[in-house]
Structure formats: structure tokens, C-alpha cells
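Presented below is the structure to which this report refers.
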Amino acid sequence: MNEKIIGILEYEKITSTLAGYAGSEPGRLMCERLRPSSNPEWIEHAQSETEAALKRLFVNDRLSFGANKDLRGTVKELNIGRSLSAAELLNIARLLECTAAVRHYGTDKREDAAPDVLEEYFLRLDPIPALSKEIFRCIISEDEISSSASNELSSIRKSYGVINGRIHSQLNSMVNSTYRSYLQDAVITMRNNRYCLPVKAEYKGQVPGMIHDQSSTGSTVFIEPAAVVNLNNQLRELEIREQEEIERILASLSGMCAGYADVISEDQKTLTLLDFIFAKAGYAMKLNATRPIFNDERIIRLRQARHPLLDASKAVPIDVRLGEDFDLLIITGPNTGGKTVTLKTVGLLTLMGQSGLHIPALDRSMLSIFREVYADIGDEQSIEQSLSTFSSHMTNIVDILKRADDSCLCLFDELGAGTDPTEGAALAISILNHLHDRGVRSMATTHYSELKIYALSTDFVENASCEFDVESLRPTYRLLIGIPGKSNAFAISKKLGLPDFIIEDAKQHISTEEESFENVISDLEAQRIRIEKEQEEIISYKKEIEDLKSVIEAKQEKLEEQRDRILREAREEARDILKEAKDVADETIRAFQKQGGQMKIQTMEKKRQNVRQKIAEKDASLAVKEQSKVSGQPLSEKEALPGTFVKIRSMNLTGTITVRPDSRGYVSVQCGIITSKVHVSDLFKPDPGELAKQASSSKTSGKASKYQQQRYSNPSSGSSRMDISKVSNMSAEINVIGMTVDEAVARIDKHIDDAYLCHLPSIRIIHGKGTGALRKGIHTYLDGCPYIRTYHLAQPGEGDAGVTVVEF
């Protein structure tokens, strides 16, 4: 790709921005040197690398490549056998440490994750953990070698510490006692790497030793006492031995690195490449860019494309097509309307795509691979070269015409401008015809009406315009393909303050044909705006209809699911009820047959109670979960009196209250042979029809009390009045003296049922005193009777222990 187009389209700003996403200096240099390619295989592979890295960034955090240094010079020194410094060895260790982290990032992924093109690069990395571990063990920092690097170094440093302590001990003794009066300051100092004492000049003869220095004023002499000269010499020897040992350690580590020189070099190159690839991915994420689809048919189709150097929040996306139905696209419109930005957007996105970068456009955007992109954009007039605006443009165009072929993309800004409009328009048409004949894809901007007519009358050319809001006199920057644009010079001039009489006079100088053409364009623009608004309304209506359709379908599906579930659960529940009823009946029959038909009345009663309990439990389990609409009024707790006929909402059953509400508001309701315990809030007054039906039932003819007649019945109809003849004939006393327990219990059971149905408050059972066996058996039966609230022996004078009083 020619370097001139790189400057015209400001491609270097793209690479400079891209370099900011690299984590290492080698990666930044690679980003800055990125150039477009015309090799399809290279482009597709580079795009795949960017896409794979972008997918990884969406899943994981960003990678750090900060430890990646350019080690080419270091590797060369290793290959010639030179010993490296501690800093250079640390650079190698840090690079290997970074290599290990990057390899772990690339290979540590889900088992179901598909491999990508980057996996090869991650597997190529060799962190050489033994080498990096040894370097970090021996070298603490660039200026410090660890004492544990070798036994010899450890021994030397221990000896150095011992001798250094002895020197300080002797010098402290001299400072604090022997030579205290001769010293300028009571301190120990160093001169020429040897420990000295600051002695006053007049006492220098009193302190034997070697003079190493004196102060600038001459008042202080720095003397190394003779007593520590030998110790200082030993320190110097240990320092030399320490340095020699450090050099030996560095040489040993350098030798280890030399054995892995090629691996280190390959790791550094791979890290640089990965840093570059992930920089492309980071830039794509910032731009919200997508991978373009490349074709070999020289077709460009950009969907909602944005110029990458403009503020994404302010840039207006454009749709551009070229190469399908037409080869040439002529863009018209007012100044500052976005014509030149459109040209640069198409050219720059082409360069980015061919550089392996994702482009800021919607997915499924299409680009073609061009060998060259040529552009004549901007004013390159030069006084030194005697080039006017027209001359500079024409010089570029001549050069483009010499080089362009069917593998090139040409972009012209204000083609034919800078000279006589008629001649300029004629030249522009001829140039575009020539490019079409050579199969060159081209885009051009213009203000000439001749070019608009040329595009309307030529098959392979299409008009496009940058939309302009006439009301606000501001461009919207939208690109409209298929519609020629107006320059709107008169409207803009009026907005800027040009007098109306000048504008009106200018209109008189426009030919009738030109004015008619501009009016046609204005009418087309108005129709387009109206059609777009109607289309938006249609789309809105369609969306609303689709939403309503989705809601209805969801409700229908939910209703069908609920229906199927209710039917399934009902069938399952019915099957369970039948099975359990059969099991209970079978068990009772087997028990009866086992005892040869001689089962005791008490045992049979228990079996009957068991069956009742099972039925009650199943009846409760089949209760309606949702509150259904029940005719009648809710029953208050004060109205819940024994004998009151009610309807149970949850069970959809009717019955009679037998027990007053307890402290929690629960009452017992007799529904046929079933007694249910329900809350008052679940009870309703039945309607007159249900009450009449209940009153006419032969089985429950004695259940309606005076309370019902007063509360619920209609006195005028008489349909809900009950026959109370049985109540008047019912005895509140039963005599079972002389009977066996079984005979007595059977009689008492029947009498209790009748008394309870007739709503007697209590009855008396006469059983006599005797041995007490009959009384005991009767009391055992009464303990299990659900109708009875309490029972007790009669009062003295009323039967005493021979009579039991039962209260319902």
C-alpha cells in the first residue's frame, strides 16, 4: 500500500492509538509498524487472530505483557559466551515468569471450549521454570546477590560480618575512652573504604596509625588506627573474594541461560506477537468493532459504519454500498455535510480491514481486498511549485489514472473543482467514465448538477447525498444512497445573514432547467422524509402487534399447561383414592373374616372410624386450592352457632356446624358422614335454593334447627322449614342395664347418632352400678366418639355412679 494514502487517510493515527493498547515496548513498536496487506490468506489469518483474542477478552481479564523486553542483544551476548549482568539475568527471569503466566492464561480454559488460532502460540511458549527459579533464588535485585547463591559467598559474608564487628568494637573503645579527648567528633567514619577516626590536627601525633585524608579547613585529620589496619586489610581481601564469587555466580547463571538462548528468543518473539494481537482485540473492544466479511468481487457494503477517529458518541453511522448494482458513487450535499468524512470512512475502514483490524461497523459488513487505495482529498496547492488548487488536484488525478486498475479503489473529493464549472463537470464525467471502463471502483464528491444528472442517466453510476435539515439549516450527516443532494447555498447564506434581495437576485440568474431540477430534488427529498416516517410508524405497529401476539400465545400456552397438569393430577389423585379405599376395605374385610364374623362392636367401630378418617383426609386433599366464587354472604364468628347450615368454600360442600368456634376460630362441620374442621373465614351462608335442597333431604331432615329457620329461611315460602316430629319424640335418656358391653355400645352408638342429629344438648345413659365393668366399657367407647365434648357421672340424687351424662 502506497505511503501517500497512509497520510491522506490518517492511518498512522490508527496505529498510534493501537500502540496504546500494547503492554510492552516491542508490542508497541509492532503496532506502530502495522501496514495493510493485499494477501488474502494473511488478512484472513490476522482477522481470525483478532477475533479469537477478542472472544478471550470477553471471557477473561486482560493479559499483562509488561515484562516483555527486547532481548535480542542479550541473546547475542549469550551466544558468544559473554557473562550477563544481574540486571540482564533478571530481565530474562521476568520474561520467563511472564511467559508462564501467559501460557497458563491461554491453556487454562473450559473443557468444552473449542480451540482457536491462538492456541498454537500459547503452546509454543516454554517458561523454563527451573531457570527462572534459579535466577530469582540467586539474585535479589539488580544491585544485590543473595547470600544463599553459593556456600562460598555465604561463608565470605559471614566472615566479613565477624571482622566488621571486631573493627567496630575496637574503634568504639577508642572513641569512648582511649582517644576521646583527641577526636573532633565521637564518630567512626570511612575514607578510601577503610574505617577511620576524625582526629584534631594538633593531636595527630597522639594517635598512631595511617592518615587517609583531612578536612578542607585542615582542622581534622582522618586516621586509621594501627590497631585496626590489619582488620581493615582483611575486610578488603574479603570484599575482593566476594566480588570474584559474585562474578562466578553470574557466569554460571549466564551459562545456564546460554543453553536456552533459542528458547528465550522464541518466547520473546511469541510474547511480542501475542501482545500485538491482544492490542488489536482491545482496540476492537473499545471501538465496538466487528470482523468484516471479505469478498473477491470488489463489493463494499458497510452497515452503520463510523469513522474510527471521531467521537463514537457523536459520530453518525452511515450505510455505504459500492460494487453490486453500480461501480461509481457520486455524493452530493452542502459543505460540512459529511461528504469528505464518508470518503475517508470508506478508505480508512478498507485499510484497517486489510491490516487485520476489526472495523467500527455492524456485523456482516463487507469489504473487498484492493491492491491499492488511491485518494485525492484535500488541497495541496504549492506556491514554490507554482501549483494552484486545480493544478494540484489534477496532478494527483493524472498520477492515479496512470496507476489505477481493476484491483484498486479510488476516492475523489470535489472532483473537477477549482476551475470553470462547465469544464470541470465535463472533465469529471470523462474521468469517471474512464475509470469505469477499466473496472475501477470509485467514489467522488461534488456540487455540480451535471454530475447529478450524469448519475441519474447512467446505469453504472449512483447518486448519494448527505442529508440536510432545511428547517434547522444543519446537516444530519446521514448518507442517503439513490437520492441526489442539494448544496442549499441560498438557504445557508440566508441563515448566515445575507440580505434577501441579493438572494432573490441570485435566483434570477439560475436557468429554468437548473431551477426545475433543483425543485425536483426538493420534492423527492420531501417525499422521502414522508415515506420514512410512514415506514417507521408501520414498523412500530408491527412490533406492537408482534408483542401482543406473543403475550396471547404465552397465555394460551400457560392455560393449556395448567389444564393438562390439573387433569393429570386429578387422574393421579383419583387413582390413589380408589387404591387406598380398596386397601382399607380389603383390610377391614380380611380382619372381619379372620375373626369368623365374631368381631366385637368396639373393634368394628374403630374400623369404621378409620375409614371415616381416611375419607376425610382424602376429601381435604381434594379441596379446591384457589378461592372460587361462592354465592351467599360470608359467615361471621358470632353467627357460627351449632346447628347452623353453612357452605364450605374451599371444599365446595354444605354441612351443619356442630361445635362453636374455638380460640383460633375453627369449627367442626358435619358434612354427611364426614366431620371437617374448618376456619370460620372459609364458611358462607348458602343461598335459599341450597337450603331448600338440604331441608328436603331425608337423610338430613333433622339437621335444620330453629336457628336456621330464623336466620336463613324465607318465612313466606315455607320451603326450607324442617319436620321436627322426630325431635319431639326423641328421648334424652337410654337404659342399658342388664346388657353386655357390646350390646350396650351398639345401642348407645345408635342413640347418640339420633340425639346428635336432633341437636339435643345432652343425654343420660343409665347403666347401673354393679361391678363397674359395663360403665367402664361405655366410657371407653365415649372416649373415641367425635361428637362428644365431655361426659361425667350424674350428681348425687340423680343417679350417682349408675348414670353417665353425655354433653355434645
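The values are calculated or read from the model by the stated rules, or taken from the named source; none is laboratory data. Just so you know, these numbers come straight off a predicted model, no measurement behind them. Cβ coordinates were reconstructed from backbone atoms using ideal geometry, including for glycine residues, and neighbour counts include every protein chain displayed. Areas reflect the complete protein model, heavy atoms only, side chains present, ligands, DNA and RNA absent. Shrake-Rupley method; radii C 1.70, N 1.55, O 1.52, S 1.80 Å.
Worth pointing out:
- The fraction of accessible area contributed by carbon and sulfur in the range 244-294 is 52 percent, rounded to a whole number (1.4 Å probe; ligands and nucleic acids excluded).
- Given R0 = 45 Å, the distance between the Cβ atoms of residue 137 and residue 33 translates into a calculated FRET efficiency of 0.75.
- Using the 1.4 Å probe convention, the accessible area of the range 357-466 works out to 41 Å² per residue with neighbouring protein chains retained.
- Of 13/314; 13/344; 677/776; 314/542, pairs whose Cα-Cα distance is over 25 Å: 677/776; 314/542
- Residue 119 contributes an accessible area of around 50 Å² to the protein surface, as traced by a 1.4 Å probe with all chains present.
- In order through the range 313-328: 3J(HN,Hα) via Karplus (6.51 cos²θ - 1.76 cosθ + 1.60), integer Hz, x for Gly, Pro: 6, 10, 5, 8, x, 10, 10, 10, 10, 7, x, 8, 9, 8, 9, 10
- A cut-off under 9 angstrom between Cβ atoms defines the neighbours of residue 222, and their net charge, with Lys, Arg +1 and Asp, Glu -1, is -1.
- Alpha-carbon Rg/Rh ratio, for the range 397-445, with Rh computed the Kirkwood way: 0.96
- Unit charges at the beta carbon, dipole of the range 20-88: most positive-side option, 48, 65, 80: 80
- A simple rule links phi to the HN-Hα coupling: the Karplus curve 6.51 cos²θ - 1.76 cosθ + 1.60 with θ = phi - 60°, which for the range 239-249 gives 5, 5, 5, 5, 5, 5, 5, 4, 4, 5, 5 Hz, with x for Gly and Pro.
- Solvent-accessible heavy-atom area per residue, rounded to whole Å², over the range 59-185 at 1.4 Å: 57
- Candidate cross-link partners of residue 204 among the aspartates and glutamates, defined by an alpha-carbon separation under 15 Å and a same-chain spacing of 8 or more, comprise 185, 213, 224.
- For the pair residue 564 and residue 227, label points projected 7 Å from Cα toward Cβ lie 10.5 nm apart.
- Take the Cβ atoms of residue 403 and residue 534, set R0 to 35 Å, and the FRET efficiency comes out at 0.15.
- Summing charges over neighbours of residue 362, with a neighbour being any other residue whose Cβ is under 14 Å away from its Cβ, gives +4 when K and R count +1 and D and E count -1.
- Taking amide H as placed 1.01 Å from N in the peptide plane, the amide H of residue 37 sits under 5 Å from that of 355, each at least 5 places away or on another chain.
- Here the label points at residue 177 and residue 371, each 7 Å from Cα along the C-beta direction, are separated by 9.9 nm in the simple model.
- Amide H to amide H, with H built 1.01 Å from N, residue 478 comes under 5 Å of 467, counting only residues 5 or more places away or on other chains.
- FRET efficiency for the residue 151 to residue 210 pair, using the beta carbon distance and R₀ = 22 Å, is estimated at 0.05.
- Of the residues 135, 211, the one with the largest accessible area comes first in the ranking 211, 135, computed with a 1.4 Å probe on protein heavy atoms.
- By accessible area with a 1.4 Å probe, ligands and nucleic acids excluded, highest first: order of 792, 307: 792, 307
- Heavy-atom accessible surface of the range 1-139: percent carbon and sulfur, 1.4 Å: 51
- Note that the range 208-273 presents 49 Å² accessible area per residue, ligands and nucleic acids not counted, probe 1.4 Å.
- Share of carbon and sulfur in the accessible heavy-atom surface of the range 340-470 [1.4 Å probe, %]: 52
- At q = 0.17, 0.18, 0.20 Å⁻¹, base-10 log of I(q)/I(0) for the range 38-180 (Debye sum, equal scatterers on each alpha carbon): -1.05, -1.10, -1.20
- Exposure ranking of 685, 542, 280 by accessible area [1.4 Å probe, largest first]: 542, 685, 280
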